[in-house]
Amino acid sequence: MTTEEIRAPASRATVARPSAPLERQATLGERIYRYRFVYMMLVPTFALLLTFNYYPAFMGLYRAFFKWDIGLQPEFLGLGNFEKLFIRDDIFIKSLRHVSLLTSWRVISAVTFPFIVAELIFNLRSNVHKYTYRVLTILPAVVPGIVILLLWQFIYDGTHGLLNAFLEGIGLEDWQQPWLGSPKTALYAVTFMGFPWVGGVTVLIYLAGLQGISDEVIDSSLVDGCSGLRRIFAIDIPLILGQFKLIIVLAVIGGLQGWVAVFVMTAGGPGTASMVPGLWMYNNAFLWNKMGYASAIGMFLFVLIMGLTILNVKFVKTGDY
Amino acid sequence: MTVLEGQPQPVQRMSLGAGWRRAWRTGDWWRHLGLLGFLFFMFLPFIITIIISFKDIPQFDHYPFTVTFPLHPDNYLEAWRIVSRYILNSIITSGTSVAGMVVLAAIAAWAFARYPFPGREFFFFGVLALLMVPGELTLIPAFLLVKDLGLLNTRWVLIAPYIAGGQVFAIFILRQFFEALPGEMFEAARIDGANELQVFRHIGIPLSQSILGVVAIMHVLSTWNDVIWPLVTLRSNELMTLTIGLYAFRTAWYTIWGPLMAGYVIASIPLIILFAFTSRLFVEGLSSGAIKM
């Protein structure tokens, strides 16, 4: 999108030019002067972005190379923080395994269950029903995230929880556990919460894609005798790869950044049985005041998220842009 | 299916009952079954929350998951006394920041969309690049920044960064929308003597109400649900937003499930009200195809 605009600024200029075209080519200074009110429009936005976004971002990258404890003079370490992170910090390495599991499941569940629901809604014949189901699927998405986390904490509760009550109800008392309190199950409990894993927003994004498929394509596929599951795999999925790509990117980013859920549910525990990198950063910074070391973890997450996003955008090809 | 979609009018006027009968005849019933199955499990935790919110402690101990009588609506009073302050704080924070954010983002996006000023792509990339910066990278320096600015434990410590950060995504979405507006309309207004501000206010903004609404709702959702930033920057109970207030409430009232669940229900109501008034906007906005890669 952006490259195209850089190549063809002239054509756009004729559309949006506020005054009559000048006779000769205006110099850069003249053009800047002519658009001075436009720059004024951008001043408040950039003042805020520079203060609260750019300054902290560059500071975070810079301080990752320092030993920086609150109240003490920062001390330059070079790559010392990273060396410690990857060679001597076993908990960090463990947290990487945990976050891979969390993220993998997020991606897998985001490309399956919401897509099934979207297909079910899309293929309904009645528009009234379609709309009703769309509203009902999105409704849980407006319940505050913290409420959902606290509810799942209750579902997993060892003495009062819904899951244990359910297991007792079907005669599997042996399986009862303090799901979040046991080192064996805590990580899996956090990973698999949210059953049946249907995010309303994700469903709507798939539906938007399905509705964008032109009627001609679907009609001609019907004429050719392609319907049902075959149509889903041969037509629907290839044509909405753009949506799948977006969902996958969002799921990967959400998985890597999803440490708030872990923080609320288990605080990384018991011990470090469900520790994830984001939470490890938080603990280093706000429990132990090791700001430099925590910044190094933040920088690592930044590089990881950006790398994965670029990979995804580059290698999952779609035809629609 | 598409054959029927060619004539949507009679379908929409049809009563729900007739719709269900027709669904049965046309073989849609298994789709309904599947969807209702999913919906049942999606809503189950909320139904059980509402059931428990009317219980006192002995009722919960004996029959935790079924409806028990007498109901105890007083749980809601008790929870309201604690949660109401947090709700008010969240309304003030999200309300102020969404107002500021939408105004600034609309102005900036308009500048990027309609004027070929020198450096446009450079500045736009400067905004866009921030979409790639995760909160993890900025959390610690931003915390130390607001600490140095003396903003810790004030309302501004939330509002100012929310306005700043929320603009990024909003500018990205709004610019696309503004660019797609027909340029002839603005040209005509200029010929009629409208100045740039009037073109923006009286033509651009009215044409963009729905997308502005979508952007605003998404910002309210994200600021309303933020946990970490208020957690590290607010100390006093008077200023706590809903998320961290509920978290503190859970810790203090653990095992007194009735009022706790009542608190969860109350905490969910403001956004549900917002959703009730804007659901069409919300669903249409997300389904419009504006959001994809």
Scoring only Lys, Arg, Asp and Glu (+1, +1, -1, -1) among other residues with Cβ under 12 Å from the Cβ of B:THR233 yields +2
Cross-link reach from B:LYS55 to aspartates and glutamates, straight Cα distance under 20 Å and at least 8 residues apart if same chain, gives A:ASP157, B:ASP74, B:GLU78
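Give the interface area between chains A and B as buried accessible surface, both sides summed, probe 1.4 Å, in Å² to the nearest 100. Show your work: numbers first, answer last.
Values: alone 20460 and 18570 Å², together 28580 Å².
The contact between B and A buries close to 10500 Å².
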Under a Gaussian network model of chain A whose springs join Cα atoms within less than 10 Å, the largest fluctuation of A:VAL38, A:VAL135, A:VAL117 belongs to A:VAL38
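Report the calculated FRET efficiency for A:ILE91 and A:TYR62 (r = Cβ-Cβ distance, R0 = 25 Å), to the nearest 0.05.
Numbers: r = 25 Å, r/R0 = 1.01.
Taking R0 as 25 Å, the efficiency between A:ILE91 and A:TYR62 is 0.50.
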For B:MET132 the rounded accessible area (nearest 10 Å², probe 1.4 Å, non-protein molecules ignored) is 60
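Placing unit charges on C-beta atoms (Lys and Arg positive, Asp and Glu negative, everything else neutral), compute the dipole magnitude of the protein assembly as shown about its Cα centre in debye, rounded to 20. All intermediate terms of the calculation are to be shown ahead of the outcome.
Working: 43 positive and 37 negative charges, 137 e Å.
The calculated dipole for the protein assembly as shown is roughly 660 debye.
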Given a Förster distance of 60 Å, the FRET efficiency implied by the Cβ-Cβ spacing of A:GLU30 and B:PHE277, rounded to the nearest 0.05, works out to 0.75
Yeah, segment A:81-315 with a ≥ b ≥ c from its alpha-carbon gyration tensor (a/c under 1.5 is rounded, else prolate when a/b outruns b/c, oblate otherwise) is oblate
Here the whole-number average of other chain Cβ atoms within 10 Å per Cβ of B:126-135 is 6
Reported to the nearest 10 Å², B:GLU184 has, with a 1.4 Å probe, an accessible area equal to 130
Rounded to a whole %, the carbon-and-sulfur portion of the accessible area of segment B:52-291 at a 1.4 Å probe is 68
Once B:TRP156, A:TRP68 are ranked on solvent-accessible area with the largest value leading and a 1.4 Å probe, the list reads B:TRP156, A:TRP68
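Between their Cα atoms, which of A:LYS67/A:LYS94; A:LYS290/A:LYS314; A:LYS94/A:LYS290 are more than 31 Å away from each other? Write down the numbers at each step before the final one.
Working: A:LYS67/A:LYS94 23 Å; A:LYS290/A:LYS314 36 Å; A:LYS94/A:LYS290 20 Å.
Over 31 Å Cα-Cα: A:LYS290/A:LYS314.
Computed FRET efficiency, Cβ-Cβ of A:LEU172 and B:TRP29, R0 30 Å: what is it to the nearest 0.05?
Working: r = 32 Å, r/R0 = 1.08.
It comes out at approximately 0.40.
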Counting Lys and Arg as +1 and Asp and Glu as -1 over every other residue whose Cβ sits under 13 Å from the Cβ of A:PRO74, the net charge comes to +1
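Roll a 1.4 Å probe over the protein chains and send me the accessible area per residue for the protein assembly as shown in Å². Don't skip to the answer; put the middle values down first.
Working: 28580 Å² over 614 residues.
Counting only protein heavy atoms, the per-residue value for the protein assembly as shown is 47 Å².
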Out of B:LEU207, B:PRO73, B:GLY183 - ranked by how far each Cα lies towards the positive end of the dipole of chain B, with unit charges on the beta-carbon of charged residues - the top one is B:PRO73
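With the Cα gyration tensor of segment B:173-293 giving a ≥ b ≥ c as the square roots of its eigenvalues, does the rule (a/c under 1.5 for rounded; else a/b larger than b/c for prolate; else oblate) give rounded, prolate or oblate? Each step should come with its number before you reach the end.
Values: a/c = 3.49, a/b = 2.65, b/c = 1.32.
The shape class here is prolate.
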For segment A:81-315, the accessible surface attributable to carbon and sulfur atoms (probe 1.4 angstrom, ligands and nucleic acids excluded) amounts in percent to 67
Amide H proximity to B:VAL133 below 5 Å, modelled H, separation 5+ or other chain, gives none
Phi-derived 3J(HN,Hα) across segment B:114-122 with the Karplus relation (6.51, -1.76, 1.60, θ = phi - 60°), rounded Hz, x for Gly and Pro, is 10, 10, x, 6, x, x, 4, 5, 4
In a Gaussian network model of chain B with springs linking alpha carbons closer than 10 Å, the residue among B:ALA99, B:ALA194, B:ALA79 that fluctuates most is B:ALA194
Taking only protein heavy atoms and a 1.4 Å probe, the highest-to-lowest accessible-area order of A:LYS67, B:LYS55 is A:LYS67, B:LYS55
Going residue by residue through segment B:222-236, the Karplus relation 6.51 cos²θ - 1.76 cosθ + 1.60 with θ = phi - 60° gives ³J(HN,Hα) values, rounded to whole Hz and with x marking Gly or Pro, of 6, 6, 4, 8, 5, 10, 5, 4, x, 4, 8, 9, 10, 10, 7
Long-range amide H partners of A:PHE66, meaning residues 5 or more apart or on another chain whose placed amide H is closer than 5 Å, are A:LEU77
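What average count of beta carbons from other chains do you get within 10 Å of the Cβ of residues in B:141-151? The partial results should precede the final answer.
Details: counts 12, 8, 4, 7, 5, 3, 1, 0, 1, 0, 0.
So the per-residue partner count for this stretch is 4.
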Once phi for every residue in segment A:274-280 is put through the Karplus expression 6.51 cos²θ - 1.76 cosθ + 1.60 (θ = phi - 60°), the whole-Hz ³J(HN,Hα) values, with Gly and Pro written as x, are 10, 5, 10, x, x, 6, 5
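Quote the charge dipole size of segment A:28-112 about the Cα centre in Debye, to the nearest 20; the model charges only the Cβ of Lys and Arg (+1) and of Asp and Glu (-1).
Working: 10 positive and 6 negative charges, 60 e Å.
Roughly 280 debye for segment A:28-112.
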The correct ranking of A:PHE263, A:PHE65, A:PHE76 by accessible area at 1.4 Å, largest first, is A:PHE76, A:PHE65, A:PHE263
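The values are calculated or read from the model by the stated rules, or taken from the named source; none is laboratory data. From a predicted model like this one, the values you see are computed outputs, not experimental measurements. Using ideal geometry, Cβ is built from the backbone for each residue, glycine included, and neighbour counts are taken over all protein chains shown. For the accessible areas, the whole protein counts, side chains as well, though only heavy atoms, and no ligand, DNA or RNA atoms are used. Shrake-Rupley method; radii C 1.70, N 1.55, O 1.52, S 1.80 Å.
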